[in-house]
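Engineer: This is the structure I have questions about; it appears just below.
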Amino acid sequence: MPELPEVETMVRGIRPSVEGRRIVWVQACPCARRPMLIEPPLEMIDRRVRGEIIVSVRRRAKRVLLELGSGDTFVIEPRMTGLMLLNEPPSEAHLRVEWRLQSRTRGKPGPDNVTHLWFWDRRGLGTIRLLDPDQLEEALGPGRLGPDALETTDEQWQELCGRTTSAIKVALLDQKRISGIGNLYASEILHRSGISPEARACNLKSDQIRRMAKATIEILNTAIRYEGSTLSDGTYRNALNKSGGYQNAHRVYDREGELCLTCERGRIIRIVQGQRSTFFCRVCQRKPRRG
Ligand SMILES: [Zn+2]
């Protein structure tokens, strides 16, 4: 968790309040938990970004990017439990970093033209980095991250499947091949495509791959419209601390033992692939024949 739809929701949630604003300062919040990874050290970041304008807020795979007028970019990776928030944090104790922002118009900072932007993280496995343009290219360029799952062309899909003998579920999670999909949406995408998660990627037929490409776009876009999935642990929230709604549309994820909603014959089973749980229906998603 957070995957592409949740991170896209964070980006859309904070963008109107953050884009075009000047950074007053950035500081660590008083947090007694194990420190999270911040590079370079926050005092150094603060010196480098004070007075800079956040010119754009965008998403790259499962990361939030704040691009500054200076050319530097904050790369914020929520990983397991990180959130970008404008107000009402779920708990004060897990606030990690605050950006204090001022509106672009001149004048004394007051309640009307000051914005707080927070990074909140219960487990603290998220990361915040400030990168210059070369470091950004190195960290997030095509060598490190495959095409975004919402922008992957049919040709790229055929290529990424054809080049690996791994199980398709495992291939979908490999961010170097295609970026943005995580464990939850991979199970949902394969279910909608009627493809077994155990099928070898390179054995898929072109029409199966086209179906999977279409299911990916449909599922991710619908999940964005619902502002992501808030699972039973309740951790994921949008920028205003509201839960997402797509968890109610899950067909297989975390439904082990339940009757399949699609065929109403099979039971959802859980297997482990690459140390991660996969949920699927053997009736809808037949195991490929050997050979
Ligand atoms: Zn089924």
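Engineer: What tally of residues in the range 26-55 results from selecting those that are in a loop (DSSP other than H, G, I, E, B), touching a Leu at 6+ places or on another chain (Cβ under 8 Å) and over 16 Å from Arg100 (Cα atoms)?
Structural biologist: Qualifying residue count, the range 26-55: 3.
Engineer: Assuming Val64 fulfils every condition listed in (1) in contact with a Leu (Cβ under 8 Å, 6 or more places away or on another chain); (2) within 30 Å of Asp174 (Cα to Cα); (3) modelled with pLDDT of 95 or more apart from one, which condition is it?
Structural biologist: Going through (1) in contact with a Leu (Cβ under 8 Å, 6 or more places away or on another chain); (2) within 30 Å of Asp174 (Cα to Cα); (3) modelled with pLDDT of 95 or more one by one, Val64 breaks only (1).
Engineer: Quick check on the range 225-238: of everything there that is on the phi < 0 side of the Ramachandran plot and charged (D, E, K, R), which residue is nearest to the ligand (Cβ to nearest atom)? Spell out the reasoning first.
Structural biologist: Step one: of the range 225-238, the residues on the phi < 0 side of the Ramachandran plot are 225-226, 229-233, 235-238.
Applying the additional criterion that residues be charged (D, E, K, R) yields 225, 233, 237.
On the way: Arg225: 24, Asp233: 26, Arg237: 31 Å.
Per the stated criteria, the residue is Arg225.
Engineer: Might you check whether a residue that is away from the ligand (no atom under 16 Å from the Cβ), part of a loop (DSSP other than H, G, I, E, B) and in contact (Cβ under 8 Å) with a residue 60 or more places away in the chain occurs anywhere in the range 210-224?
Structural biologist: Checking the range 210-224: not a single residue is away from the ligand (no atom under 16 Å from the Cβ), part of a loop (DSSP other than H, G, I, E, B) and in contact (Cβ under 8 Å) with a residue 60 or more places away in the chain.
Engineer: Another question about this same structure. Among the residues of the range 150-172, are any under 27 Å from Pro35 (Cα atoms) and of a type in the set (Asp, Glu)? Write out each step before concluding.
Structural biologist: First pass over the range 150-172, keeping only residues under 27 Å from Pro35 (Cα atoms): none.
The answer is no, given that none of the residues of the range 150-172 is under 27 Å from Pro35 (Cα atoms) and of a type in the set (Asp, Glu).
Engineer: Of all residues being of a type in the set (Val, Ile, Thr) and not in a loop (DSSP other than H, G, I, E, B) in the range 239-291, which is farthest from the ligand (Cβ to nearest atom)? Just the residue, please.
Structural biologist: Filtering the range 239-291 for residues of a type in the set (Val, Ile, Thr) gives 252, 262, 268-269, 271-272, 278, 283.
Narrowing further to those that are not in a loop (DSSP other than H, G, I, E, B): 268-269, 271-272, 278.
Values: Ile268: 8, Ile269: 10, Ile271: 15, Val272: 20, Thr278: 14 Å.
Of everything passing the filter in the range 239-291, Val272 is farthest from the ligand (Cβ to nearest atom).
A quick yes/no check of all residues on (1) in contact with a Pro (Cβ under 7 Å, 6 or more places away or on another chain); (2) over 22 Å from Asp46 (Cβ atoms); (3) not small (Gly, Ala, Ser):
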| site | (1), (2), (3) |
| --- | --- |
| Leu95 | yes, no, yes |
| Thr115 | no, no, yes |
| Leu125 | no, yes, yes |
| Arg129 | no, no, yes |
| Asp148 | no, yes, yes |
| Ser166 | no, yes, no |
| Arg177 | no, yes, yes |
| Asn183 | no, yes, yes |
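Engineer: Looking only at the range 256-275, which residues are out of contact with any Ser or Thr (no Cβ under 9 Å at 6 or more places or on another chain) and over 15 Å from Leu190 (Cα atoms)?
Structural biologist: Passing the criteria: Gly257, Glu258, Leu259, Glu264, Arg265, Gly266, Arg267, Gln275.
Engineer: A further question follows. Of Ser70, Ser56, which residue is on the phi < 0 side of the Ramachandran plot and under 23 Å from the mean Cα position of the chain (by Cα)?
Structural biologist: On the way: Ser70 fails: under 23 Å from the mean Cα position of the chain (by Cα).
Just one listed residue meets the conditions, Ser56.
Engineer: Give the range 217-245 a look and list any residue that's within 15 Å of Leu190 (Cβ to Cβ) and out of contact with any Gly (no Cβ under 9 Å at 6 or more places or on another chain), or say none.
Structural biologist: Ile217, Glu218, Ile219
The values are calculated or read from the model by the stated rules, or taken from the named source; none is laboratory data. Fair warning: this is a prediction, and the values are worked out from it, not measured in the lab. Note: ideal-geometry Cβ built from the backbone for every residue, glycine included; neighbour counts use all protein chains shown.
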